[in-house]
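*Asks:* Before I ask anything, let me first share the structure, which is written out below as structure tokens.
Every number here is computed from the coordinates shown, using simple stated rules; none is lab data. Predicted model only: the values in this text are computed from it and were never measured. For neighbour counting, all protein chains shown are included, and Cβ atoms are generated from backbone atoms with ideal geometry for every residue, glycine included.
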Amino acid sequence: METLRLVFELAFPLFLIMDPIANSATCLAILKGYSPPKQRRIIFRELVIALVLIVLFQVLGKWLLELLAIHQSTLRVAGGLILFIISLKLIFPEDQGPVGGDDKDPFIVPIATPFIAGPSLLAAVMLYAHREERQAVLFLAVFVAWLGSLGIMLSAPSLQRILGKRGIKAAERLMGLILILVAVQMLEDGVRLFVESMF
């Protein structure tokens, strides 16, 4: 039961950072020249590539952070700041203009990375890898978050018709609000660890 709770605690912020709802709308704009079945095949392939990248950073991230001798409090504060910036972008999205001006098959870039496995997600995975001793738990959390994103993004064509543009924007802002709470908690934990280390 404790393991399941920990998996959910790790998977939930990772799922929010993946931002599958907003990425679904962006992917559909890029893949508008393809049929819905072809769109789903490309999205599935890009999600698999993204998962490989995420796991790679999980495996190498802990070693890299230990090599740099970064303290736990620094990790928590940095992670909280990263999540806070991401959540602000979800609540107040920037106008990125038209996306995907050609009909070429977008292999790896930009869907697998930076849309899904972007710098923010990879940094978060590295931070969690350093904090969590049981790497199997973190891998399971990554996989759960990935499965949730997979389900939403594969149903993107139907989801866009049901929710519409306003519904997708509202869902994205709700995810941003939840992520702010997670970010503030991480910042509080980092400050507490820093104060404790001084005494």
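*Asks:* Relative to the Cα centre, what is the charge dipole magnitude of the chain, using +1 at the beta carbon of each Lys and Arg, -1 at the beta carbon of each Asp and Glu, and rounding to the nearest 20 debye? All intermediate terms of the calculation are to be shown ahead of the outcome.
*Replies:* Working: 18 positive and 16 negative charges, 137 e Å.
Roughly 660 debye for the chain.
*Asks:* If r is the Cβ-Cβ distance from residue 193 to residue 169 and R0 is 30 Å, what FRET efficiency results, to the nearest 0.05? All intermediate terms of the calculation are to be shown ahead of the outcome.
*Replies:* Details: r = 36 Å, r/R0 = 1.21.
Step by step, r from the Cβ atoms, then E = 0.25.
*Asks:* With a sphere of radius 14 Å drawn around the Cβ of residue 18, what net charge do the other residues whose Cβ falls strictly inside it have (Lys, Arg +1; Asp, Glu -1)? Could the numbers behind the result be given before it?
*Replies:* Values: positive: 89; negative: 19, 46, 172.
Residues close to residue 18 contribute a combined charge of -2.
*Asks:* Still on this model: Based on the alpha-carbon gyration tensor of the stretch 87-199 and its eigenvalue square roots a ≥ b ≥ c, which shape applies: rounded if a/c is under 1.5, prolate if not and a/b is larger than b/c, or oblate?
*Replies:* Numbers: a/c = 2.14, a/b = 1.68, b/c = 1.27.
Prolate shape, in that a/c is at least 1.5 and a/b is the bigger ratio.
*Asks:* Additional query: Read phi for every residue in the stretch 174-188 and hand back ³J(HN,Hα) as whole Hz from Karplus 6.51 cos²θ - 1.76 cosθ + 1.60, θ = phi - 60°, with x for Gly and Pro.
*Replies:* 4, 4, x, 5, 5, 5, 4, 4, 5, 5, 5, 4, 5, 5, 4
*Asks:* Please name which of 29, 178, 87 has its Cα lying farthest along the dipole of the chain towards the positive end, using unit charges on Cβ (Lys, Arg +1; Asp, Glu -1) and the Cα centre as origin.
*Replies:* The residue sitting farthest along the positive end of the dipole is 29.
*Asks:* Picking from 80, 61, 164, which is most flexible by a Gaussian network model of the chain using Cα springs under 10 Å?
*Replies:* 164
*Asks:* Which one of 11, 136, 78 has the biggest mean-square fluctuation once the chain is modelled by GNM with Cα springs under 10 Å?
*Replies:* Maximum among the listed residues: 136.
*Asks:* Under a point spin-label approximation (7 Å from Cα along Cα-to-Cβ), what is the residue 162-residue 52 distance to one decimal in nm?
*Replies:* In this crude label model, residue 162 to residue 52 measures out at 3.1 nm.
*Asks:* Of [x] 22; [y] 32; [z] 27, which is the value of percent of Cα pairs over 28 Å apart derived from the coordinates here?
*Replies:* Among [x] 22; [y] 32; [z] 27, the one derived from this structure is [z].
*Asks:* Each residue of the stretch 151-166 in order: what ³J(HN,Hα) in whole Hz does its phi give by Karplus 6.51 cos²θ - 1.76 cosθ + 1.60, θ = phi - 60°, with x for Gly and Pro?
*Replies:* x, 6, 6, 6, 9, 4, x, 6, 5, 5, 5, 6, 7, x, 5, 5
*Asks:* Between 139, 12, 107, find the one with the highest GNM mean-square fluctuation for the chain; connect C-alpha pairs within less than 10 Å.
*Replies:* Judging by the Gaussian network model, the answer is 107.
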